[in-house]
Each structure stands twice: as structure tokens, then as C-alpha cells.
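Below is one structure, written out as C-alpha cells; the observations come after it.
The values are calculated or read from the model by the stated rules, or taken from the named source; none is laboratory data. As the structure is a prediction and not an experimental result, all values here were calculated from the model. Neighbour counts are summed over all protein chains in view; Cβ atoms, including those assigned to glycine, are modelled from backbone coordinates with ideal geometry.
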Amino acid sequence: MALRTNVRETLRVLVPAVRRLRTAARAEEAARRLSALGPANWSAQRARLASDAEKAAGARPIDPRVLMLRIADALPEDAVVVDEGITTTASLHGLRALRHARAHFGMASGGIGWGIAAANGVSVALPDRPVCALIGDGSAMYGVQALWTAAHYRLPVAFVIGNNRSYRILKERLVSMRGVEKHIGMDLRDPAIDWVGLALAMGVPARRVSDAADIAPAIREATGRAGPSLIDAVVQDGFGE
Ligand SMILES: Cc1ncc(C[n+]2csc(CCOP(=O)(O)OP(=O)(O)O)c2C)c(N)n1
Ligand SMILES: [Mg+2]
């Protein structure tokens, strides 16, 4: 039976009612079911994901799961994430606990290009909160000019570019859905995009991070600033580089 109700008010009535019906046998059964859920709950899954990621901690380019793990651990508790990281942020929900209602803004559909500008908007709306925008390099190229806006309004946004030098998700889907190994027009190489140069040109301080050990200090520094900054995070492209 589905009920549409106010959760808090309903639980106030429901919990005492269930308690009245509870026998010793039922209590035992409930405890058994609760302990069976333990290994499947979010924290247990997070621990497994984190320990898998840790095994790749030394990889260069950086494994995207390691990038997410370090960012999840380094972000202040009140940080707001704007997520247009596509494949780079695929593991984020498994690694970062959502501790408040506005902890995360992500994709409602597949359209890309909104992330940098949306992070600016979120920062304007929530001026006391550090904002961390995780943006794929391909997605970032659709709206990179909004970095200038962040500099102009001195918005405290830490932009992180998931720099895998490609449209990785499109390549992966061609492989998984059509068995196509030849990928045309999906590389952002030759020439490589100079993310640090692009950001600096628009007045946003920037640095490149190629070593996983530098992620956490870079994130702490970026989220502690009064204005915007950008981290060019060099991650694996999923196809051997
Ligand atoms: C407006 C728009 N144009 C094109 C696409 C098709 N598209 C989906 S994902 C993607 C590439 C994303 O690349 P990137 O942001 O670098 O993420 P990655 O897959 O490399 O992690 C493109 C071009 C889209 N979804 N929306
Ligand atoms: Mg990419």
C-alpha cells in the first residue's frame, strides 16, 4: 500500500504503533534482518569502493576513482558540489556522503555545457558555502567563458576539470553498445587544451595536478579561497593513456 504523507508526522504515529505490536520473536527477526543489511548499506559499499580505489592510488594519469575519493575526503562538510564530470565523477555518489539538502547539483538529463555557469549561479545563491564544480574537459569547452564571470564576481568556486583529453563516455558507449573501436572526433588532443592557460587568460588562478598526492592539498587550498580557482586534474582516458 502506497501512502503519500509527511514523513516526520507519520513516523511519530507509526513508530509507537509498531512498538506496541512487537513481540520478542519479532524483535529478534528485526535484529537479524538489520544485521543482514549491514554489508549492503552505503557505508559498507563506500568502504569497498574506497579500498578498491586505494589500490590505484599511485597510477598516472590519475584514476578517476582516486580523484573522487581524495576530493570527497578533502571537501569541507558544508561544500556544495556541482557535478558535470561525466565519467570522471561516475564514482562520486558512492564515495561522498550527502549531508545536507543542497550538497549536490547534478545532471537531470544528458545535455552538457551548463556546469561552469551553474556553479556560478549556485555560488551566488549560497554565498557562504564553498562550491566545488567537477566538470569534464569536453563539457567545460561548451561553456568555458563562464570562468570569466566567476573571476569578475569573485565567486568562491573551485573548478576541477576532469581532463581525460577526450569525450570518454561516447567512446565507451560506442564500444559497449555497437562494438565500435574506431572513434572519430572524440579526442581533445593535437593540440592539447591548456586548461591552466585558459583559466589564467580569464583571470582565474589555476594549477595542474598530475599526481594523486597533490589532490587533497589543492582542493583544500581552492575551497579556502575568497574567489575562484581551477585545478586541471589529469585523469586516465580509459583507453590506455
Ligand atoms: C549539448 C550537448 N551536446 C552534445 C552532447 C553529446 N555528449 C554527451 S557526453 C559528451 C562528451 C562529454 O565529454 P567530457 O565532458 O569530457 O566527459 P567524459 O565523457 O570525457 O568523462 C558529448 C559531446 C550532449 N550530451 N549535449
Ligand atoms: Mg573528457
Just to be sure, is Ala233 surrounded by fewer than 17 Cβ atoms within 10 Å (Cβ to Cβ) and either of a type in the set (A, V, I, L, M) or not in a loop (DSSP other than H, G, I, E, B) (or both)? no
Report whether or not Ile161 is more than 30 Å from Ala40 (Cβ to Cβ), within 14 Å of the chain's Cα centre (by Cα) and within 12 Å of ligand 1 (Cβ to nearest atom). yes
Matching option when the condition is away from ligand 2 (no atom under 16 Å from the Cβ) and either under 22 Å from the mean Cα position of the chain (by Cα) or free of Cβ contacts under 8 Å to residues at least 60 places away in the same chain (or both), among Leu200, Leu174: Leu200
Of the criteria (1) over 21 Å from Ala140 (Cβ atoms); (2) of a type in the set (Asp, Glu); (3) touching a helix residue (DSSP H, G or I) at 6+ places or on another chain (Cβ under 9 Å), which one Asp63 fails: (1)
How about the stretch 79-97: which of its residues are touching a residue at least 40 places away in the same chain (Cβ under 8 Å), surrounded by 14 or more Cβ atoms within 10 Å (Cβ to Cβ) and either of a type outside the set (Ser, Thr, Tyr) or away from ligand 1 (no atom under 16 Å from the Cβ) (or both)? Ala79, Val80, Val81, Val82, Asp83, Glu84, Gly85, Ile86, Leu92, Gly94, Leu95
Just need a number here: residues in the stretch 114-147 that are closer than 16 Å to His100 by Cβ and of a type in the set (A, V, I, L, M, F, W, C). 5
For the stretch 1-45, give me each residue that is within 30 Å of Leu92 (Cα to Cα) and of a type in the set (D, E, K, R). Arg8, Arg33
Report whether or not Gly240 is over 20 Å from Leu155 (Cα atoms), within 16 Å of ligand 2 (Cβ to nearest atom) and outside the structural domain of Pro64 (by TED's automatic domain parsing). yes
Keeping to the stretch 115-167, report how many residues are over 18 Å from Glu77 (Cβ atoms) and more than 16 Å from ligand 2 (Cβ to nearest atom). 18
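Only one residue in Gly121, Gly94 is assigned by TED's automatic domain parsing to the domain that holds Leu188, among the small types (Gly, Ala, Ser) and within 21 Å of Arg48 (Cβ to Cβ), so which one is that?
Gly94
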Considering only the stretch 39-76, state which residues are at pLDDT below 95 and either among the β-branched types (Val, Ile, Thr) or outside any helix (DSSP H, G or I) (or both). Asn41
Evaluate the following for Leu147: is it at pLDDT 95 or above and surrounded by fewer than 24 Cβ atoms within 10 Å (Cβ to Cβ)? no
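Here are some residues: Gly113, Gly143, Gly138, Gly121. Which one is assigned to a helix (DSSP H, G or I) and either within 16 Å of ligand 1 (Cβ to nearest atom) or touching a Leu at 6+ places or on another chain (Cβ under 6 Å) (or both)?
Values: Gly113 fails: assigned to a helix (DSSP H, G or I); Gly143 fails: assigned to a helix (DSSP H, G or I); Gly121 fails: either within 16 Å of ligand 1 (Cβ to nearest atom) or touching a Leu at 6+ places or on another chain (Cβ under 6 Å) (or both).
Answer to the check: Gly138.
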What's the number of the only condition in (1) away from ligand 1 (no atom under 16 Å from the Cβ); (2) buried (at least 22 other Cβ atoms within 10 Å of the Cβ) that His100 fails to meet? (2)
